[in-house]
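Q: My questions will all concern the structure given below.
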Amino acid sequence: MRDQKPVEQSQSRHSAMSSTTSVKPFKDQKYEDLKQECLEQRKLFEDPEFPASDASLFYSGPPPGKVEWKRPKELCEDPHLFVNGISSHDLHQGQLGNCWFVAACSCLALRKKLWQKVIPNVEEQDWDQKKPEQYTGMFHFRFWCFGEWIDVVVDDRLPTMNKKLLFCSSKAHNEFWCALLEKAYAKMAGCYEALDNGSAAEAIVDFTGAVAESIDLVESGYTHDIIEQAKLFGDLLKVQRRGGLISCSIRALSSSDFESETKTGLVKTHAYSVTAVLKMNLGEKRLSCAKSEKLFMIRLRNPWGEKEWNGAWSDKSEEWKKVSKAEREKLGLTIENDGEFWMTFEDWCKNFTDVDICRIVNTSHFSIHKTWEKKMMRGRWTKNPDPLLNRSGGCSNNKDTFLQNPQYVFDVKKAEDKVLISLQQKDKRIHKKEGTGYHFSMGFEIFKVEDNRKYRMPSLQIQEKVVTSTYIDNRMIYLKVLLKKGRYVLIPTTFSPGIEDEFILRMFTDVPSELRELKMYKPRLTCLDMLFGVPRRVSQIKIHSVEDLQSQDSHGGANPYVIIECENRKVRSPVQKGTVNAVFNTQAIFYRRNIRRPITVQVWHSKILSNRFLGQVQMTASPDDLRGVQKLRLRGRGRREADEMPGCVTVKVLSSDALAEL
């Protein structure tokens, strides 16, 4: 892991779902109650929380013409939510810079289990021509917002201009699921204009509760490194097969590049949905045992429903002659300007600059796929003039205040474990009307700490920084990291100090991480303190290594581990196998009542039937002792003057009589 200094970045983005037992109504509007009221009064619903007015459309000025709000029955004779099912081809972007939202909807349409969560009870909500009296002009949609599912009610009055839908519309003139879904999303954001510019990843997370990862294809070297391309392809293939959603875009280098078209037909700053990732067979398999050549391919869709890639493997390109008719039919290849097209994965890496990967992390224990253990914490950055109470200290560039931020401790219990971390701040779009709807830069840092730490870190004299996330002004920050066994403290921060806001922290591990917040700086007084005395001193111990131990096997090796003991409390390190010179990173912290009793570090050899004692060192651990790294000779059991034994231990010890100092 690199120990890096946080650097703020500003990013202008392109324009396992578990069943929920409780859904919170948005603005306390309960769908069933409102619908029953409309049925009893025999009226069509008119939403007072999102009226058919200019205030629901734009905040920066009047509409670009005369807008009329019309119900679907006024636009066609036979309206439906879905016509011939739901498809990623249904949607077309309207007069709003929300291609990112339309791309996210296209991705959503690919996964039945996902869109059924967002659009619940489709048959019950849809128009029933046999029972027109049951129609109330009311729909509801569900979004995952800041850690909980929200049910948003809307009426069916849609903004139109010249008798055509102003914003998102469907390919079929009598299909309205995408227009109504967009209205519900706009209501949650405050108005339609608040959806102008955004991130497809954010919308997908709002649809699914997924964990979003953003990758810079250029900076990460995917544009030219074939080996890295193959790794990324394998990752995206796995994401797609496990129900994840993917979108991508091309970054603009200047304002004049905004929505400009490249020579190959791709549109910059435009969000494309990835609708397929696969290995395609080339040529005919003439023998059952013969292996056909495979090509890494990716299929994309332009939310405009037109303007496609015109390079290799585009709809009418010669390359398709290399593919058998059966394979083309299997792929569903259509030669029409419908906005969907194929590319080789290599061309995709060279032409696109950013990809958003939304993983549906599987937390079900009744699954054939890997099951992750999930833990979610809600927190706040808050200002306070008292340093002990301040929780908005900024990133580690702010040395005096950094450790005043919220702190979370977690454990890695395997020898090595992959950890997925997502930090999310509140959605600010609803504040765009006031000119404050912008996300601030945030990130987090992770430190390897003492295996028995239970209280906040007030200093960083022994702890080792192992991870620094990117600091960026996104709503979500994601990191995937491999950590070794031990205890860690994660510190989520804003880049600058003094910012107040809420956040949620989600962590996924192979075994439970026991993620929890550290709130206290030192132990509270208990009844035991009345009997045995209060803690008078705090000591930190870090074991760096043991060297020159006596060989314990015929190969000249040993299986050493160390035990740190203080007042009958012990911390044990992992075993290092087959060496007489072992490197450790084992840390412990003790709050000591009897400061005359030394701290003991014992070295043992691990055996199948019984372990063998190899030596120990004892330390008074006084605040006046040497504070640097020490190399101490091992001795036998007994007093410090016991006989020397082969080997030495390298250790660092810090002590203080101010319990909240370490």
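Q: In whole angstrom, note down how far apart the Cα centers of the range 96-131 and the range 609-662 are.
A: Their Cα centres are 65 Å away from one another.
Q: At q = 0.12, 0.18 Å⁻¹, what log₁₀ I(q)/I(0) does a Debye calculation on the Cα points of the range 155-237 give, no solvent, two decimals?
A: Rounded to two decimals, the profile gives -0.57, -0.86.
Q: How large is the helix-only mean residue ellipticity at 222 nm for the chain, computed as the sum of -39500 (n - 2.57) over DSSP H runs with n ≥ 4, divided by its residue count, in deg cm²/dmol to the nearest 500?
A: For the chain, the value works out to -4000 deg cm²/dmol.
Q: So how do His365, His80 line up by other beta-carbon neighbours within 10 Å, fewest first?
A: Result, fewest neighbours first: His365, His80.
Q: What aspartates and glutamates does Lys432 reach when the alpha-carbon gap must be under 12 Å and sequence neighbours fewer than 8 apart in one chain are set aside?
A: Within the straight-line cut-off, Lys432 pairs with Glu193, Asp196.
Q: Could I ask something else about it? Can you tell me what share of the DSSP beta bridges in the range 24-208 is antiparallel? A percent to the nearest 5 is fine.
A: 85
Q: Something else about it: Dividing the convex hull volume of the Cα atoms of the range 24-208 by its residue count, what figure in Å³ per residue is obtained?
A: 112
Q: While we're here: Once all Cα-Cα distances of the range 533-656 are split into 10 Å bins that start at 0, what whole-number percent is in each one?
A: 14, 46, 31, 9, 1
Q: If one computes P(r) from the Cα atoms of the range 357-412, what percent of pairs lie at distances over 17 Å?
A: 58
Q: So for the range 211-359, considering every pair of alpha-carbon atoms, how many percent are separated by more than 22 Å?
A: Percent of Cα pairs beyond 22 Å in the range 211-359: 41.
Q: Could you list Thr650, Thr160 so that the one with the fewest beta carbons within 10 Å of its beta carbon is first and the one with the most is last?
A: So the residues, fewest neighbours to most, are Thr650, Thr160.
Q: Further, regarding this structure: What is the Å³ per residue value for the convex hull set by the Cα atoms of the range 558-610?
A: Taking the convex hull of the Cα positions in the range 558-610, it is 85 Å³ per residue.
Q: Shifting gears a bit: Taking the Cα atoms of the range 373-518 alone, what are Rg (to one decimal) and Dmax (as a whole number) in Å?
A: Values for the range 373-518 (Cα only, Rg and Dmax): 15.1, 51 Å.
Q: Determine Rg/Rh for the chain; Rg is computed over alpha-carbon atoms and Rh is the Kirkwood hydrodynamic estimate from the same atoms.
A: Here Rg/Rh amounts to 1.06.
Any read-out appearing in this document is the output of simple, stated calculations on the displayed coordinates, not a laboratory observation. In this text the structure is predicted, and so the values were computed from the model without any measurement. Here Cβ is always computed from backbone atoms with ideal geometry, including for glycine, and neighbour counts include all displayed protein chains.
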